[in-house]
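The values are calculated or read from the model by the stated rules, or taken from the named source; none is laboratory data. Please read these numbers as outputs of a predicted model, since none were measured by experiment. Cβ sites come from the backbone with ideal geometry, for glycine too, and all protein chains shown count toward neighbours.
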Amino acid sequence: MAKKQHYDTPMLDDLENGPWPSFISGFKRLRDEHPDERINNMANSLLGQLEHSYETRKGYWKGGTVSVFGYGSGIIPRFSEVGDEFPESREFHTLRVQPPAGNYYTTDMLRQLGDSWEKHGSGLVTFHGQTGNIMFIGTTTDGTQHFFDEVNEYGWDLGGAGPCVRTGMSCVGAARCEQSSLDEMKLHRVMLNNFTDDVHRPALPYKFKFKVSGCGNDCMNAIERSDFAIIGTWRDDMKVDQEEVKKYVAKKGREYITEYVINMCPTQALALNDDDTLNVDNRNCVRCMHCLNVMNKALSPGDDKGATILMGGKRTLKIGDLMGTVIMPFIKLDTEEDYERLVELAEETIDFWAENGLEHERCGEMIERIGLVNFLEGIGVDVDPNMVNEPRQSSYVRMDGWDDEAIKWFESKAEGKQAAAG
Amino acid sequence: MAQEHRSPIESGCPDGFQYMHPVMRKNYGDWAYHEDPRPGVLKHVARGGDAIYTVRAGTQRILDVFTLRKLCEIGDTHGDGYIRFTLRSNIEYMVDSEAKVEPLIKALEAEGFVIGGTKNSVTMISHTQGWLHCDIPGTDASGVVKAMMDELIDEFKGWNMPNRVHMTTSCCQINCGGQGDIAINVQHTKPPKINHDLVSNVCERPSVVARCPVAAIRPALVNGKPSLEVDEKKCICCGACFPPCPPMQINDAEHTKLAVWVGGNHSNARGKPTFQKLVAAGIPNNPPRWPEATAVVKQILKAYKEDAKDWERINDWIERIGWPRFFELTGLPFTKYHIDNWRGARRSLNSSTHIRF
């Protein structure tokens, strides 16, 4: 294969200027400096097509059907509509590879992945795409199989694409964060790897995402971006190191602590005492994390840790943006049985949605269509006042089952008390 | 010719512990607090006294293997060989001693990487694929981000903002970029142009009809061929029909515009998580540097920086000062398009005498 003449790329060349690292310079390194002519030509062709897009303000990639043997998912097929003009990147598929929970890598492993990718692909990679996958961008149909076969042998598997369980995401969590109330890595792997078959073989109404954040700061954007959000929290009192509180007050001043900590508490659960210690109304603390963020050395999560589960978050298409809704205010996650309970909840949810969701309907959209109560009955979860901001405002509802429901409520309260006592 | 196929090993999500820095492994779940020694550097201290230092850097996100190897080499020479990536694609190097931090920073900066993106900075814009790889994009992603980060680099490197600023871009109205304090998203302004010759061959027509959020698409016979037609009075130009039916071309060199949204916040800190709200639209989709979009973003950042209190995210700030003042301070026009008419829109109307004068 001979080296091809370079396409002119005046618009892209402009993106080599300026102080931020330039992706275009990287493409050009592949075009000009890589020892493999296949990669030189592919990068040249890609630059040519991208310049064409910049000129015409249009995209020129079409989807299609490409998958590796045994899977129906994990590849984003891309065929060029202008392949005659830019033939060396005519097929430019992406492999979505699942990262380790928490996105940890050694340099050795990154090198090994890079070596495999340059053998079979374009040499372009992103850590990570918006769903959370490692994106190996640009290879032929044959290349997808060869690259997958190679990296699959040393521990890497494809993620989801299409109507299936998607690659999960978890925050840095317990590995490096004092705010963590979960074992995020374990949760991520227990949940995702229970659904490996649903990741690789798309057979659901639409995508289904799990995300794990270790606290209410929700660094993984789980509530808004996942169908099943697992957020760390605690039930007992937050921990206060009063000596450290005094140090903050001494350093920042009472006025600052009052204005930026006490007054910013959303439930007015904080007060600064005359001796510069902090008074916390733990019954009204909603674990929002603000004061812990500001005074992270003085304030910490409590010991009775667990998770809040929210379901149904998604972006705009089709009915508009939806946040997740609280489905389980608190679940302990200490024992293997606790984890099994959570897996069962996810299985019930996915089964019910697979049965009742319309084509291309996210779980949250289904909940919107059928109502939260029907969904809860479908997955076998009792109602809880933590699921709503406020009770209904409209009287237009049939309520002839009231007495039974009230009895159910008191019975479940009594059971809860018994369980707590026993 | 029959080919021998290798069966996949369905290993799923790999265990991260094998790639984790030993100090993090040892202190898993046992961290006491963290400090911010300087922008781009975190120091986490475990209850037992161990400390881990993290150096965070911005990159071009789409890495060529040369850049990937360079990042690895820096990690081996100046770090401990352990790396992770943040949600916004910043790279993080973890090292076990303070002495390694400055040489690591110097090495990264010498190669053009940018140290920062922590605490109250404008961190890396999280973005999508755009013209580089997506099948439905109205704009590019990497190019928009490169052009904007060139201008916002000092905000990435510093701690100049009242609180952290998360920005996102999206190349279509599906909005894969997600919610952001500031989001720069494609907004189409004209209905799709339909190639009726192709529709019946390429599109599963009932699915396309079902995909429309406002029921503006119906089956029709055009030039004797089964096709689809759009009620252009109902059409909201969202482009939802384009992915399942590429002959319904929504992207247009002139009429595909950019819009800017603010106040999306995923965190539960202080208020509950919030969605972003429209503030500016009609911004030209202007490669290679999109200067008009960057100008709007800088206007918003300037007003936020000058007027917000410490710890207020953009949504917190606007909630305190009110939307009329936001438009006043940013100099952006308020138009009829800012008034929502989608389902549930009534909750966005002011039904009170709460008005700031």
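If you check A:F27, A:F69, A:F86 for being within 28 Å of B:I83 (Cα to Cα), at pLDDT 95 or above and not assigned by TED's automatic domain parsing to the domain that holds A:V199, only one passes: A:F27. Taken residue by residue, segment A:69-78 has at least one member that is facing chain B (nearest Cβ under 7 Å), of a type in the set (A, V, I, L, M, F, W, C), surrounded by fewer than 24 Cβ atoms within 10 Å (Cβ to Cβ) and touching a residue at least 60 places away in the same chain (Cβ under 8 Å). Screening the candidates A:P19, A:P10 for the property of being of a type outside the set (S, T, Y), under 32 Å from the mean Cα position of the chain (by Cα) and surrounded by fewer than 19 Cβ atoms within 10 Å (Cβ to Cβ) yields one hit, A:P19. Looking at segment A:389-406, can you tell me whether even one residue there is surrounded by 10 or more Cβ atoms within 10 Å (Cβ to Cβ), β-branched (V, I, T) and not assigned by TED's automatic domain parsing to the domain that holds A:G324? No, because not a single residue in segment A:389-406 is surrounded by 10 or more Cβ atoms within 10 Å (Cβ to Cβ), β-branched (V, I, T) and not assigned by TED's automatic domain parsing to the domain that holds A:G324. For A:E37, the requirement of being crowded, with 19+ Cβ neighbours inside 10 Å and out of contact with any Phe, Trp or Tyr (no Cβ under 8 Å at 6 or more places or on another chain) is not met. Of the candidates A:G357, A:G324, the single residue that is assigned by TED's automatic domain parsing to the domain that holds A:I370, at pLDDT 95 or above and within 16 Å of the chain's Cα centre (by Cα) is A:G324. Scanning segment B:205-216 for residues that are farther than 10 Å from B:P191 by Cβ and either more than 9 Å from every other protein chain (Cβ to nearest Cβ) or not basic (K, R) (or both) gives B:R205, B:P206, B:S207, B:V208, B:V209, B:A210, B:C212, B:P213, B:V214, B:A215.
Consider segment B:7-23 and keep the residues that are in a helix (DSSP H, G or I) and farther than 19 Å from A:F195 by Cβ. The one that is farthest from the other protein chains (Cβ to nearest Cβ) is B:P22.
Sort out for me the strands (runs of 3 or more DSSP E) sitting completely within segment B:50-97 that have 1 or more residues that are at the interface with another protein chain (Cβ under 7 Å from one of its Cβ atoms). Filter on segment B:50-97 gives B:51-58, B:62-64, B:82-85. On the basis of being among the hydrophobic types (A, V, I, L, M, F, W, C), surrounded by fewer than 24 Cβ atoms within 10 Å (Cβ to Cβ) and modelled with pLDDT of 95 or more, does B:V55 make the cut? Judged against the criteria, B:V55 is not a match.
In segment B:135-162, the residue that is farthest from the other protein chains (Cβ to nearest Cβ) out of those that are surrounded by fewer than 23 Cβ atoms within 10 Å (Cβ to Cβ), of a type outside the set (A, V, I, L, M) and assigned to a loop (DSSP other than H, G, I, E, B) is B:N160. Restricting attention to segment A:93-128, the residues that are facing chain B (nearest Cβ under 7 Å) and in a loop (DSSP other than H, G, I, E, B) total 7. No other residue among A:L192, A:L182 is of a type in the set (A, V, I, L, M, F, W, C), buried (at least 24 other Cβ atoms within 10 Å of the Cβ) and in a helix (DSSP H, G or I) apart from A:L192. Here the helices (runs of 4 or more DSSP H) wholly within segment B:274-340 that include at least 3 residues being small (G, A, S) are B:291-307. Give me the residue from segment A:217-250 that is among the small types (G, A, S) and either touching a strand residue (DSSP E or B) at 6+ places or on another chain (Cβ under 6 Å) or assigned to a strand (DSSP E or B) (or both) and, out of that set, nearest to the other protein chains (Cβ to nearest Cβ). Checked segment A:217-250; the qualifying residue nearest to the other protein chains (Cβ to nearest Cβ) is A:A222.
All of (1) more than 11 Å from chain A (Cβ to nearest Cβ); (2) of a type outside the set (F, W, Y); (3) surrounded by fewer than 22 Cβ atoms within 10 Å (Cβ to Cβ); (4) not in a loop (DSSP other than H, G, I, E, B) hold for B:R356 with one exception: (4).
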